[in-house]
Amino acid sequence: MPYEISLSAEDYALCSKLKSMKFSGMAEALEDILADPNADLIPFREKVCRLVDAEWDLRYNKKLNRYIKKATLKYPHADLDETIYDPERLLDARAIERLAKCEWIEQGKNLMVTGKTGSGKSYLANALAISALRQFKTAKYCKASHLIDELNRAEAMDCYRETLAQLVSYDLLVIDDFGLMQLDLNKCRNLFEVLECRDPGKSTMVVSQFPVKSWYDLFQEHTYADACLNRMLNNAYRLEMNGKNMRNLNPVTP
């Protein structure tokens, strides 16, 4: 606080009551106002707005942090910054801006993000997931291999349906690094179960360094390939990321 706090016993008791009622944001804002030597110059309405805004911001951020923690993001602080407008990244910035509004999630549509290694696919996927979390839509991020392993473990522990139901419950499921594992018959079946239960009405974002046209050959069982790709690609948006390598912005000189 910019001022030295010297609260009267009455003021201290009032702030303590607010804190005991779980209005910590409001209590801190009130302490700031009471410590401000120019407090009498602040209109009453502005004082009330400060108290309410402080409490609202505190509760919003606490709830958002809980949502972010549950989402198990790779980049929990990812954000859509000015780099999406860098012409060297070859991004469709207008499409990204629209996707960040999350209307596609409300409509139950999917999103396929493909492009070169190092182009920032995972970071962008996390940033879009955070855009959804800011609207308190539920989201879950996982690598494709971890998703399959989780289902395999659940099957072995006889809690497969419970685990599947949890994966289906999220408004947005982000599956990263799709294609970096062989999809044998069992893995095809598990992936199909997830996609089938989420379709329609639940949005899935798939991130891959392989172009969509090559996805069919990733499946060892082509019947499942048809079934999975139909659910993934039907009525889905696509983002291509084939611009500069974002991991080599500051190369080390010898």
Per-residue [θ]222 nm for the chain (sum of -39500 (n - 2.57) over DSSP H runs n ≥ 4, rounded to 500): -15500 deg cm²/dmol
Lys/Arg +1, Asp/Glu -1 at C-beta; the range 31-101 dipole; positive extreme among LEU64, PRO87, PRO43: LEU64
Crossing angle, helix 222-233 versus the chain [Cα axis fit, 0-90 degrees, rounded to tens]: 30 degrees
Residues with amide H under 5 Å from that of PHE210, placed H, sequence gap 5 or more: GLY115
Whole-percent carbon and sulfur share, accessible surface of the chain, 1.4 Å: 52 percent
At q = 0.11, 0.17, 0.21 Å⁻¹, base-10 log of I(q)/I(0) for the range 63-158 (Debye sum, equal scatterers on each alpha carbon): -0.38, -0.84, -1.16
Assigned charges on the beta-carbon of Lys, Arg, Asp, Glu; the chain dipole about Cα centre (debye): 500 debye
The range 1-118 - Rg and Dmax from Cα coordinates, angstrom: 21.8, 64
Set of lysines with alpha-carbon distance to LYS137 below 20 Å, sequence-local pairs under 8 removed: LYS62, LYS63, LYS69, LYS70, LYS74, LYS101, LYS109, LYS202
Distance histogram for the chain (every C-alpha pair counted, 10 angstrom bins, percent rounded to whole numbers): 6, 25, 25, 17, 13, 10, 3, 0
The range 86-228 - Kirkwood radius from inverse mean 1/r over Cα pairs (Å): 15.8 Å
Hydrodynamic radius of the range 145-206 per Kirkwood, over alpha carbon pairs, in Å: 11.9 Å
Orientation-averaged projected area, Cα convex hull of the range 165-254 (nm²): 7.9 nm²
Under 19 Å from the Cα of LYS213 - lysines, other chains or at least 8 residues apart: LYS116, LYS121
GNM result for the chain, Cα springs below 10 Å: residue of ASP36, ASP217, ASP79 fluctuating most strongly: ASP36
Gyration tensor (alpha-carbon) shape descriptor, the range 40-98, a/c threshold 1.5: oblate
Cα gyration tensor, the range 116-186 - rounded (a/c under 1.5), prolate or oblate: oblate
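The values are calculated or read from the model by the stated rules, or taken from the named source; none is laboratory data. What you are looking at is a predicted structure, and each value in this text was computed from that prediction instead of being measured. Please note: Cβ atoms are built from the backbone with ideal geometry, for glycine as well, and neighbour counts cover all protein chains shown. Please note that ligands, DNA and RNA were not included when accessible areas were found on the heavy atoms of the full protein model with its side chains. Shrake-Rupley method; radii C 1.70, N 1.55, O 1.52, S 1.80 Å.
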